[in-house]
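Each remark here refers to the structure printed beneath this line.
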Amino acid sequence: MDLALLRTFVTVHRAGSFTRAAALLGLSQPAVTSQIRTLERQLGRPLFLRQARGVTPTTIGDELAHKAAPHLDALVEIAETGIDDESSLRTLHLAGPPEFTAERALPALTELTGEEGQGFALRASFGNAEETLEGLAAGHHDLAITTARPRGALLTATPLCDEEHVLVSAPRWAEQIGSVKLCRKGAPVLKNLPVVEVHESLPFVSRYWASVFDSRPAASGAVIVPDLRAVLACASAGAGLAVLPRYLCADALDRGDVVALHEPAVPPLRTYFLVVRTGTLAMPHIARAHEWLQRAATDWC
């Protein structure tokens with residue numbers, strides 16, 4: 001059986017689409033379709049059911065993928081690194097949300113970049129969850145951090161850590177509201193306060209209101225800026241209330257630049273996932289970065 005046909009088959013199985021598999025393999029879609037048909041003729045069995053959007057593996061296809069994928073991943077790893085090239089410096093391409101990647105992931109990974117014999121060069125890019133996962137699937141990144149768990153077999157996700165969200169403002173707003181009044185009356189006390197957010201849809205504030213107050217926020221955004229670090233700076237300057245990850249505003253809370261307006265018994269949480277293309281953890285530099293981030297995350301929760 002031709003190994004090239006098997007590699008194409010496993011890529012289609014993981015991608016769930018001839019078109020996406022073609023992009024990953026650097027082939028045309030007709031070439032991928034032809035290779036899969038050739039393999040099906042050789043086996044005398046259908047491997048995929050063609051659907052309007054993508055393909056679904058048959059039971060035979062699932063069985064073949066389960067048997068072949070680990071061996072193909074090992075061969076790809078050998079081809080990528082070279083048998084006698086273990087000392088060469090590999091490059092890790094990381095993608096994730098700007099704030100978490102900058103504040104958490106990059107400081108942790110830079111400890112590995114200079115390790116003799118095990119280090120790697122590091123390249124990082126920022127984006128939202130959809131952009132990051134699309135780039136990872138297309139082969140633009142090796143490792144991604146997202147707040148969305150991907151579907152399908154092409155990508156493998158591992159929970160990394162949870163972040164707690166905190167409702168904060170500059171001290172003058174807290175004094176105006178009063179913590180007792182907020183605890184007694186809830187969200188209506190906050191309806192006339194300006195809001196600082198990352199998007200017009202108020203994703204952080206809306207999630208907090210739904211989780212804690214079981215309602216929707218009444219206010220619109222006074223300041224919209226697409227970076228949580230800038231949101232913190234504006235909130236500290238008195239621009240309005242904001243909902244921020246605790247890790248990002250912990251120092252500002254300790255200094256008194258902002259204060260927590262509310263401390264619910266069960267604070268809203270958001271989960272981060274560490275995502276790779278299935279099979280690429282066979283590559284040592286990706287596996288090492290993946291393991292190191294998981295280890296570092298035990299101190300972030």
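Observations
- Volume per residue for the chain equals 155 cubic angstrom (convex hull of Cα atoms).
- Cα centroid separation, segment 42-69 to segment 217-264: 50 Å.
- The chain - share of DSSP beta bridges that are antiparallel (%, nearest 5): 60
- Three-way shape label, segment 163-270, alpha-carbon gyration tensor, a/c 1.5: rounded
- Residues whose placed amide H lies under 5 Å from that of Val55, excluding near-sequence neighbours: Ser17, Phe18
- Computed per residue of the chain from DSSP H runs no shorter than four, each worth -39500 (n - 2.57), the mean residue ellipticity at 222 nm is -13000 deg cm²/dmol.
- Under 5 Å from the amide H of Leu92 lie the amide H atoms of Ala121, Leu122, Arg123, each residue being 5 or more positions distant or on a separate chain, with H modelled from the backbone and absent for Pro and chain starts.
- Taking amide H as placed 1.01 Å from N in the peptide plane, Val166 has its amide H under 5 Å from the amide H of Leu244, Arg246, each at least 5 places away in sequence or on another chain.
- Overall, the chain carries a charge dipole of about 1300 debye about its Cα centre when +1 sits on the Cβ of Lys and Arg and -1 on the Cβ of Asp and Glu, all other atoms neutral.
- Taken as entire DSSP H runs, the helices of the chain that both span 20 Å or more between Cα atoms along their own long axis and average -0.5 or more on the Kyte-Doolittle scale are 59-81.
- This ranking places Glu131, Glu197 by how few other beta-carbon atoms lie within 10 Å of each, fewest first, which gives Glu131, Glu197.
Here, each number is a calculation from the coordinates, and none is a lab measurement. Small disclaimer: the values here were computed from a predicted structure and weren't measured. Every residue, glycine among them, receives a Cβ derived from its backbone with ideal geometry; neighbour counts consider all protein chains shown.
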